[in-house]
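Heads up: the structure comes next, in structure tokens.
The values are calculated or read from the model by the stated rules, or taken from the named source; none is laboratory data. Worth saying up front: this structure is predicted, and the values here are computed from it rather than measured. When we count neighbours, we look across all protein chains shown, and the Cβ atoms used for this are built from the backbone with ideal geometry, even at glycine. When the accessible area is computed, the model is the full protein with side chains, heavy atoms only, and any ligands, DNA or RNA have been set aside. Shrake-Rupley method; radii C 1.70, N 1.55, O 1.52, S 1.80 Å.
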Amino acid sequence: MVLIAGSANLDFVVRAQRIPAPGETVLGHDLQTFPGGKGANQAVACARAGGARTGMVLALGRDAYSQPLKASLQNAGVLLHAQEFDDVSSGTAFICVSDDAENAITVAPGANARLLAAHLPPLAGYRFLLMQLEIPLSTVIESAQLARAAGLQVALNAAPAQVLAPELLALVDLLIVNEGELRAISKNQGSILEAMATLPCPTVVVTLGARGAVARQGGELHYQTGFAVQAVDTTGAGDTFCGVLIAQLAHGQTMAQALQFASAAAALCCTQPGAQSSVPAASEVRSFLAERSASAPSAQQALERYCQGLA
Ligand code: RIB
């Protein structure tokens, strides 16, 4: 069973031809709202696409925004441990999605900033604790300490990017980052593999967008090429990858199997608008994988060369 401690945001999304540059105004389409937040997105992905029994501890305002957030998590089968506050609003995110499916996101943390390690439920029965960085860093560190003491594996998706104290990295069994986050944490501008090698965590997974992902587990490297899809909105794709990866590992899948399933789920997530609304079901991921043949050796070689800093 997987426990997620993290954020939930109501996403206010406007599609526009392109994301505005600093100081610029662009005219977009109609405003839409979607359940989001990195923590809640990962919980939905863990439960729905990864098929793992999933719990989530989160903080919400007692307001209208919290209703769709709770409903989305519960519909995915997530067991909620929700702290609700009267004097702060639920987390919100303001997202512009461009016609080429990229996004720019600003988060107003609201109640997410009130989540404490003291809010964690009893940890017996959980195998993994998965966290992100949209809740206070002190909560992440204290929760990791409690989880470690209770025998859980600690997984951290270090997003949004920030410099992390060695004290926190020492508590993380499995670190998941994108390329920008890897550079921020490692402070290394060498190849992806060199930057990964500077980190003390036993397992490090780096997502590389459409190129795929690479994992270093102990001394072993695993490469997974990306799945090409017609992307309409990449919001939540990284979260889908994280939630599904941990669900698959919790099911006892190997790192290679988990990377493949998580990458397929993340690719499918890009084909629909919104964050949690675009997380596929496990059966959809299986059908997608059955349709796709193994990646071409040339794609695998290109990914390896990119990670080695040769391309
Ligand atoms: O990773 C995507 C998420 O980032 C969005 O759902 C938004 O709420 C922000 O947390």
Problem set entry | Selection count where residues are in a helix (DSSP H, G or I), touching a residue at least 40 places away in the same chain (Cβ under 8 Å) and either more than 19 Å from GLY51 (Cβ to Cβ) or touching a Gly at 6+ places or on another chain (Cβ under 9 Å) (or both), scope segment 286-301 | 2
For this session: Output the residues belonging to segment 178-231 that are in a loop (DSSP other than H, G, I, E, B) and touching a Cys at 6+ places or on another chain (Cβ under 7 Å).
Result: SER191, VAL229, ALA231
Exercise. Which is surrounded by fewer than 23 Cβ atoms within 10 Å (Cβ to Cβ), touching a Lys or Arg at 6+ places or on another chain (Cβ under 7 Å) and at pLDDT 95 or above, of ALA281, ALA250, ALA256?
Worked result: ALA281
Problem set entry | Leading residue by the ranking (most open to solvent (accessible area, probe 1.4 Å)) among those in segment 68-82 that are within 16 Å of the ligand (Cβ to nearest atom) and out of contact with any strand residue (DSSP E or B) (no Cβ under 7 Å at 6 or more places or on another chain) | ALA71
For this session: State which residue pairs qualify: first residue within 11 Å of the ligand (Cβ to nearest atom) and inside segment 260-277, second residue part of a helix (DSSP H, G or I) in any location, beta carbons under 6 Å apart, and separation of 6 or more residues or different chains.
Result: CYS269/ALA237; CYS269/THR240; CYS269/SER278; ALA275/ASN41; GLN276/ASN41; GLN276/VAL44; GLN276/SER72
Problem set entry | Members of segment 44-61 found to be closer than 17 Å to SER7 by Cβ and not aliphatic (A, V, I, L, M), listed by number | CYS46, THR54, GLY55, GLY61
Seminar exercise, completed: Checked VAL244, VAL214 against criteria (touching a residue at least 40 places away in the same chain (Cβ under 8 Å) and within 15 Å of the ligand (Cβ to nearest atom)); the one match is VAL244
Problem set entry | Breaking point among (1) among the charged types (D, E, K, R); (2) touching a Gly at 6+ places or on another chain (Cβ under 6 Å); (3) over 23 Å from ILE105 (Cα atoms), for ARG211 | (3)
Seminar exercise, completed: Note on segment 13-42: residues surrounded by 17 or more Cβ atoms within 10 Å (Cβ to Cβ) and within 12 Å of the ligand (Cβ to nearest atom) are VAL13, PHE34, PRO35, GLY36, GLY37, LYS38, GLY39, ALA40, ASN41, GLN42
